[in-house]
Each structure stands twice: as structure tokens, then as C-alpha cells.
Amino acid sequence: MTLEPGNWLAWIVVGLIAGAIAARVVAGRGFGCIADIVVGVAGAFIGGFLLHNVFGVGGPVGFWGSIVVAFVGAAILLGALKLLSGGRL
């Protein structure tokens, strides 16, 4: 399974897994299926941006690598939201 922009099922699966794990790590609970997918997909964009622009790594990372990258991005996103909301996440 490759993560090309047209492969929406892979994006949903990676988003759900990464978003659910990040929500439990950062907030201590999940946010529901749809919200976890949104957080995970947003995290994939954030993680991909950081991986490419900050660390200079490019190219495909595979399914499990995509989950790791999306998890890191989602954790950063949720951590920032938690800071901005005063811990009420």
C-alpha cells in the first residue's frame, strides 16, 4: 500500500492509527474516529513538512514509516493545541 495523494483509503487508515495513538499519548484519550482521522492526516502533513524541510529527508517511507511520521506530526499538533488551550484538550 503506497501513500499517494489519490489513495484515500491509505490516508484514512494512516490518519486513524496515528491520530488515535497521538491523542492517547498527548491527551490521555481519543477524540472519536473522525477527529482522530483529521488529527492524523494533519499530522502527516506536519510530519512530512518537518521531515523534508528541517531534516532534509525525502522520498517514500512506506506504510509503517508514514504512521511514524504522521504520529510525530499529530503529537506536535496536539501538544501545540494543548499549550494554546491552557491544558484543556
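So if I check each of Ile21, Ile76, which one is free of Cβ contacts under 8 Å to residues at least 60 places away in the same chain, surrounded by 16 or more Cβ atoms within 10 Å (Cβ to Cβ) and either closer than 22 Å to Trp8 by Cβ or polar (S, T, N, Q) (or both)? Walk me through it before giving the result.
Values: Ile76 fails: either closer than 22 Å to Trp8 by Cβ or polar (S, T, N, Q) (or both).
Result of the check over Ile21, Ile76: Ile21.
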Q) Out of all the residues in the stretch 6-15, which are surrounded by 20 or more Cβ atoms within 10 Å (Cβ to Cβ) and of a type in the set (A, V, I, L, M, F, W, C)? A) Val14
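Considering Leu51, Leu77, which residue is among the aliphatic types (A, V, I, L, M), in a helix (DSSP H, G or I) and modelled with pLDDT under 90?
None of the other options fit; the residue is Leu51.
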Q. Is there a residue being surrounded by 19 or more Cβ atoms within 10 Å (Cβ to Cβ), in a helix (DSSP H, G or I) and within 8 Å of the chain's Cα centre (by Cα) anywhere in the stretch 25-37?
A. no
Q) Inside the stretch 80-89, can you point out the residues that are free of Cβ contacts under 8 Å to residues at least 40 places away in the same chain and outside any loop (DSSP other than H, G, I, E, B)? A) Ala80, Leu81, Leu83, Leu84
Q. Which of the residues that make up the stretch 54-73 are over 14 Å from Ile21 (Cβ atoms), in contact (Cβ under 8 Å) with a residue 12 or more places away in the chain and assigned to a helix (DSSP H, G or I)?
A. Phe63
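The values are calculated or read from the model by the stated rules, or taken from the named source; none is laboratory data. Please read these numbers as outputs of a predicted model, since none were measured by experiment. Backbone-built Cβ (ideal geometry, glycine too); neighbour counts: all protein chains shown.
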